[in-house]
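**Q** Sharing a structure here in structure tokens format.
The values are calculated or read from the model by the stated rules, or taken from the named source; none is laboratory data. Only a predicted model underlies this, so the values are computations on that prediction, with no experimental measurement involved. Backbone-built Cβ (ideal geometry, glycine too); neighbour counts: all protein chains shown.
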Amino acid sequence: MSLRRICVHVDDTATSAARLRFSGLLARQHDASLAGIYLPHRPGAVHAGQPESSGTRYQMEGRSQAALHAAEHLFKEVCAEHDVTGDWRSPFGAPTTILSNFAKAADLCIVGQPDSPGGVAALGVDGIGDIIVSAGVPVLGLPHNVTLPREIRRIVVAWNGSREARRAIGDAWQLLGRAQDIFVVGINRAPAGDDPSLADIVRLMEGHGLRAKAVSVRQDTEASDGVQLLAVSEEHEADLLVMGAYGHGPTRERVFGGATRTVLKHMSTPVLLSH
């Protein structure tokens with residue numbers, strides 16, 4: 001499926017502007033429209049166990065409205081700069097539920113790294129996990145404190161033979177098709193050698209004209225899979241890491257597994273996650 005509609009979560013964090021500009025550039029490159037969603041922070045009625053004074057509440061709401069207007073202005077500016085069609089929304093409500101429902105009408109949902117600095121509206125790890133699991137579309141997480149790539153040319157793909165890993169490849173197909181180099185990484189624990197499906201998935205990509213290479217990582221340390229994937233991404237100077245978000249149990253803690261949490265918390269390159 002081609003990318004025709006990209007949605008981006010815009011917030012009041014210090015990294016939101018860079019995320020928005022990256023999203024506008026990606027939309028232009030894929031001839032897609034850009035949908036921006038801002039989830040306003042509505043101050044609660046209770047602060048530190050005591051009801052807020054009317055003056056304090058008024059000041060907080062004023063700051064929230066100012067942040068909203070600034071975000072909308074930047075969104076329109078970015079759409080004009082990249083000559084893409086823009087659609088802006090700023091509904092009140094439960095952030096993860098609204099964003100998940102909004103993302104269902106898009107081909108890709110872009111969010112910031114969990115707990116980005118400088119604002120009160122950043123999504124946490126569990127919030128992004130809920131979106132990944134419930135939206136049904138790939139979610140692209142962008143790191144803070146790094147320069148985002150202008151083009152996605154080098155991609156690392158995490159492969160473990162699972163349904164989620166294969167789904168992630170399908171969800172990232174349009175991005176993979178534009179890449180110059182693709183590194184399909186399998187973390188090998190079997191004493192008998194590499195998982196044969198690693199070579200098979202590389203052959204599939206090559207059959208579609210993609211320039212792919214298998215990379216086998218021996219898991220002979222105590223580092224988690226997430227740490228290994230981050231290290232391989234940095235080693236190959238990747239512009240994007242593609243991986244499935246998966247687990248082995250019925251609870252969210254297990255469905256949204258440890259490797260995914262590690263990557264989201266410590267990412268130094270954009271990460272596309274699919275469930």
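**Q** For residues in the stretch 144-164 being out of contact with any His (no Cβ under 9 Å at 6 or more places or on another chain) and among the charged types (D, E, K, R), which is farthest from L176 (Cα to Cα)?
**A** Selected residue: R163.
**Q** Can you tell me which residues in the stretch 217-230 are modelled with pLDDT of 90 or more and either closer than 11 Å to V184 by Cα or exposed (fewer than 12 other Cβ atoms within 10 Å of the Cβ) (or both)?
**A** Answer for the stretch 217-230, where residues must be modelled with pLDDT of 90 or more and either closer than 11 Å to V184 by Cα or exposed (fewer than 12 other Cβ atoms within 10 Å of the Cβ) (or both): just L229.
**Q** Can you tell me how many residues within the stretch 84-115 are over 22 Å from R261 (Cα atoms) and acidic (D, E)?
**A** 2
**Q** Would you check which residues across the stretch 136-174 are charged (D, E, K, R), closer than 18 Å to H208 by Cα and surrounded by fewer than 21 Cβ atoms within 10 Å (Cβ to Cβ) and list them?
**A** Passing the criteria: R153, R154, R166, R167.
**Q** Give me the pairs, please: first residue somewhere in the stretch 107-126 and exposed (fewer than 15 other Cβ atoms within 10 Å of the Cβ) and assigned to a strand (DSSP E or B), second residue anywhere and modelled with pLDDT under 90 and among the aromatic types (F, W, Y), beta-carbon distance under 9 Å, and either six or more positions apart or on two chains.
**A** Final answer for the pair search is none.
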